[in-house]
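I have placed the structure first, in the form of structure tokens, so that the comments after it can refer back to it.
The values are calculated or read from the model by the stated rules, or taken from the named source; none is laboratory data. Please read these numbers as outputs of a predicted model, since none were measured by experiment. Methodologically, a virtual Cβ is constructed for each residue, glycine included, from the backbone with ideal geometry; neighbour enumeration extends over all protein chains shown. With ligands, DNA and RNA removed, areas are computed over all heavy atoms of the protein, side chains included. Shrake-Rupley method; radii C 1.70, N 1.55, O 1.52, S 1.80 Å.
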Amino acid sequence: MIQLYGVSKRYGPFRDALLDVSFRVEPGEFVFLTGPSGAGKSTLLRLLFFEEPPTAGQILVNGRNIGVLPPSQVPYLRRTIGVVFQDFKLIARKTVFENISFVQNVLGLPRAEQKRRAYHVLKRVGLHHQMNAFPDELSGGEQQRVAIARAIVNEPTLLLADEPTGNLDPVLSEEIMRLFVEINIRGTTVVVATHDLEMIRRMGKRTLTLERGRLHDPDRIRENAPIVREAPFLPVT
Amino acid sequence: MPRPRYVVSESWSIARSSPRQTAAAITLIALALYIPGLLALLSRNLGRLAASNPGEPAALVITLQPGADARAVASRLATDGRIRLIRIVGSEAALERFRRAYPDLGAALAELKEAPFPPSLEVALRAGAPKGAAAEIAAAARLWPGVESVESEEEFSRRFRDAVALVRNAGLFLGGLLTLAAVLSVASAVRLALDLHREEVGIMRLMGATEAAIRAPFWLYAMAEGLLGGSVALGLLYATYRLATYWLARDPHPVLSLFWVAFVSPATAILMPAAGAAAGLAGSLLSLGRRHTQRVTRIG
């Protein structure tokens with residue numbers, strides 16, 4: 001699903017955000033990406049999301065080499081990847097439904113089909129009764145669930161999340177993680193960047209740790225964690 | 001390509017999010033197109049006057065000194081093979097012509113004790129007369145005894161055509177200048193709208209929106225601004241024409257009333273909104289350069 005070979009990213013002449021990073025993520029895996037602030041987590045996600053090219057190395061996502069991907073193809077590939085951000089990134093003047101069905105709207109999908117899909121994903125995140133609400137009318141946890149619904153509405157094969165629980169309290173954070181696990185169980189590869197080590201321990205998933213741009217002891221947390229291979233949460237209804 | 005319904009709804013949303021800037025841009029475009037439109041209207045009417053050709057046109061008008069022998073001068077002219085017709089217009093005949101042209105001045109003219117216009121000769125050239133013949137004959141006649149002055153219609157027509165061309169060129173120049181100003185004002189309105197939607201554009205791009213899907217609503221917004229501005233300018237111009245026509249009918253002017261008879265041509269009328277839309281599109285292309293839209297996409 002994801003393959004990185006000797007990837008480096010340098011900003012300006014001296015600032016190395018990533019240095020010689022190599023790893024693989026298999027299809028259907030759930031992987032945490034952790035490390036202190038400034039370690040390069042967001043940079044790595046930006047590279048995976050084709051937002052900027054690596055300075056060196058090769059990145060393959062869904063079997064496609066980012067280095068040789070024409071810029072005109074980037075939007076089409078992005079539609080196969082779901083992304084969730086810490087600050088939700090919902091469009092304030094659009095309703096929940098409009099935020100979710102934006103791409104379908106651009107593509108000219110019939111409105112009834114857009115509604116059907118939006119209802120389906122909103123039901124998965126427990127917000128089907130808020131289709132016509134505006135983001136400002138929702139709580140932080142609800143907004144993040146809308147962002148997750150938007151990320152999965154196109155049924156992506158890969159879901160990237162950048163500090164998705166950074167703005168949420170522990171209870172809401174667990175709720176969101178439960179959703180990610182549920183999405184993963186349905187077959188979507190999930191990569192979550194977080195610095196919440198406690199959450200990572202509880203989840204017991206494979207973890208990649210970045211320190212000053214280098215991949216550091218990738219299995220350390222997994223080895224120290226309790227042996228929990230499946231999500232210790234109840235599925236969302 | 002993005003669907004038209006999406007493009008239209010997003011454009012409307014952009015216009016609603018910055019109504020003042022939208023109104024300011026439309027006003028500027030309207031003004032920018034109204035002024036050259038007004039000059040085009042003047043030029044069209046002056047051009048009609050220049051093209052109008054009532055009766056037998058005289059190629060030369062030779063004004064004689066009081067007491068000069070008109071027949072002698074006419075006989076001398078008649079020896080020139082390039083001349084087709086010589087008409088002697090006496091002082092009384094000239095006054096009668098003036099009375100017919102300006103009936104409103106009848107009372108004032110009736111009080112005149114003697115005819116104020118000197119006798120003159122109107123000279124028409126043959127159809128095959130070479131170019132510049134009128135100027136040559138005029139130059140020779142000016143030296144003859146009894147001749148006060150000689151006006152070549154060719155020279156007058158040329159001067160008049162030059163004046164019309166000057167008005168037309170001034171209109172084109174001003175139009176170009178003001179259209180450039182309109183393009184820049186649309187560009188800044190679009191840039192402002194883009195800044196207002198900066199975050200949205202970034203999110204749209206992250207969700208997989210193509211460049212066309214991001215830019216098309218801004219293009220349509222700017223073109224609609226231009227089209228509206230051009231239409232407003234056309235409306236203003238027509239209102240000006242009607243107002244002037246009404247004013248001249250109520251209070252006729254000896255010169256303006258003669259030529260103020262037509263609105264701009266249909267082609268010019270269509271051109272105004274079209275030029276507005278083109279200015280809008282140019283402004284949006286100017287402001288939607290890649291560097292302006294690409295700087296808004298950083299994750300996190």
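For the protein assembly as shown, the Stokes-Einstein estimate of translational diffusion at 4 °C and a viscosity of 1.567 mPa s comes to 43 µm²/s, using the Kirkwood hydrodynamic radius over alpha-carbon pairs. Take the Cα pairs of segment B:121-225, get the Kirkwood Rh, then feed it into Stokes-Einstein at 25 °C and 0.890 mPa s and tell me D in µm²/s. Answer, rounded: 124 µm²/s. Placing R0 at 45 angstrom, the Cβ-Cβ distance between A:Arg93 and B:Val261 gives a FRET efficiency of 0.30 after rounding to 0.05. Can you pick out the pairs among A:Lys89/A:Lys115; A:Lys41/A:Lys94; A:Lys94/A:Lys205; A:Lys41/A:Lys123 whose Cα atoms lie more than 26 Å from each other? Exceeds cut-off: A:Lys41/A:Lys94; A:Lys94/A:Lys205; A:Lys41/A:Lys123.
The label-point distance for A:Ser139 and A:Arg111, in a model that sets each label 7 Å from Cα toward Cβ, rounds to 3.2 nm.
Once Rh for segment A:78-180 is found with the Kirkwood sum over Cα pairs, what is the Stokes-Einstein diffusion coefficient at 10 °C and 1.306 mPa s, in µm²/s? Don't jump to the answer; show the numbers that get you there.
Values: Rh = 13.5 Å.
Answer from the Stokes-Einstein relation: 118 µm²/s.
Applying the Karplus relation 6.51 cos²θ - 1.76 cosθ + 1.60 with θ = phi - 60° to segment B:88-96 yields 3J(HN,Hα) values of 8, 10, x, 4, 5, 5, 5, 5, 5 Hz, where x marks Gly and Pro. Placing pseudo-labels 7 Å out from each Cα toward the beta carbon at B:Arg142 and A:Arg178 gives an inter-label distance of 10.6 nm. Close amide H pairs (under 5 Å, H built 1.01 Å from N) link A:Glu211 with A:His216, residues at least 5 positions away or on another chain. Near B:Arg84, the amide H atoms lying under 5 Å from its own belong to B:Ala124, B:Leu125, B:Arg126; only residues 5 or more places off or on other chains count, and H is placed 1.01 Å from N. Each residue of segment B:180-193 was assigned a 3J(HN,Hα) from its phi angle through the Karplus curve 6.51 cos²θ - 1.76 cosθ + 1.60 (θ = phi - 60°); the sequence is 4, 4, 5, 4, 5, 5, 5, 4, 6, 5, 5, 4, 5, 4 Hz, with glycine and proline shown as x.
What is the Cα convex hull volume of segment A:116-226 when expressed per residue in Å³? So the per-residue Cα hull volume is 116 Å³.
Using Cα springs under 10 Å in a Gaussian network model of chain A, which residue among A:Glu137, A:Glu98, A:Glu211 shows the largest mean-square fluctuation? Evaluated over chain A, the most mobile residue of the options is A:Glu137. With the convex hull drawn over the C-alpha atoms of segment A:51-136, the volume per residue is 138 Å³. Over all distinct alpha-carbon pairs, what is the Kirkwood Rh of chain A in angstrom? That comes to 18.4 Å for chain A.
Here's how it looks for B:Arg3: its modeled amide H is under 5 Å from those of A:Gly108, which are all 5 or more places away or on a different chain.
Derived scalar couplings between HN and Hα for segment B:14-22 equal 5, 4, 6, 6, 9, x, 5, 5, 4 Hz in order, rounded to whole Hz, by the Karplus curve 6.51 cos²θ - 1.76 cosθ + 1.60 (θ = phi - 60°), x for Gly and Pro.
Tell me: how much accessible area in total is hidden between A and B, 1.4 Å probe, Å², nearest 100?
Details: alone 11690 and 17550 Å², together 26960 Å².
Using a 1.4 Å probe, the pair buries roughly 2300 Å².
The residues of the protein assembly as shown have, on average, 50 Å² of accessible surface per residue, using a 1.4 Å probe with all protein chains present.
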